[in-house]
Amino acid sequence: MNFKFNEDEQKVIDLIHEFGVNEVALLAAEIDEQERFPEENRKRLAELGMMGICYPKEYGGGGHSYLAYIAVIEELAKHCSTTSVMLSDHHSLGSFPISEFGTEEQK
């Protein structure tokens, strides 16, 4: 298995690193103190195209590898575990069953 990221995947990981440092980390303590899911981070992740990073482009996803998705989740977790879990739940609990078992219309 190839554990190296291609150029596009590395750009996505770098983008998430910058987002984590410049936006997510600034709110992390507040998010923990208030025990809330950061809707502002979810909206921003959607704007950045991260809500379907490892799903096929023909269905609106990013078309990246599952390894790139894992790297994005890991990078987010460095800055805010809640934001990281929020994105991973969206992918694994919400999108994965539709991607794997949904009809063409659902996808």
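Relative to the current alpha-carbon distance between residue 44 and residue 59, full extension at 0.36 nm per residue lengthens the span by 3.4 nm. Using equal-weight Cα scatterers in the Debye expression, the normalised intensity of segment 27-78 in log10 at q = 0.27 Å⁻¹ is -1.05. For segment 14-77, the fraction of 1.4 Å probe accessible surface lying on carbon and sulfur atoms is 52 percent.
Between the Cα long axis of helix 7-19 and the first principal axis of the chain there is an angle of about 30°, rounded to the nearest 10. Relative contact order, whole percent, for segment 15-69 stands at 17, derived from Cα pairs under 8 Å and 6 or more residues apart. From its DSSP helices (H runs of at least four residues, each -39,500 (n - 2.57)), the chain gives a residue-normalised ellipticity at 222 nm of -17000 deg cm²/dmol.
Accessible area per residue (1.4 Å probe, heavy atoms of protein chains only) ranks 79, 17 as 17, 79, with the largest value leading. Quick check on the chain: take the gyration tensor over C-alpha atoms, sort the square-rooted eigenvalues as a ≥ b ≥ c, and tell me if it's rounded (a/c under 1.5), prolate or oblate. Since a/c reaches 1.5 but b/c is at least a/b, the shape of the chain is classed as oblate.
Bridgeable lysines around residue 57 (alpha carbons under 18 Å apart, same-chain partners fewer than 8 residues away excluded): 11, 107.
The packing ranking of peptides 91-99, 66-74, highest mean first, is 66-74, 91-99, where packing means the average number of other beta carbon atoms within 10 angstrom of each residue.
The values are calculated or read from the model by the stated rules, or taken from the named source; none is laboratory data. Since this is a predicted model, take the numbers as computed values, not measurements. When we count neighbours, we look across all protein chains shown, and the Cβ atoms used for this are built from the backbone with ideal geometry, even at glycine. Quick note on the areas: whole protein, heavy atoms, side chains included, nothing else; ligands and nucleic acids left out. Shrake-Rupley method; radii C 1.70, N 1.55, O 1.52, S 1.80 Å.
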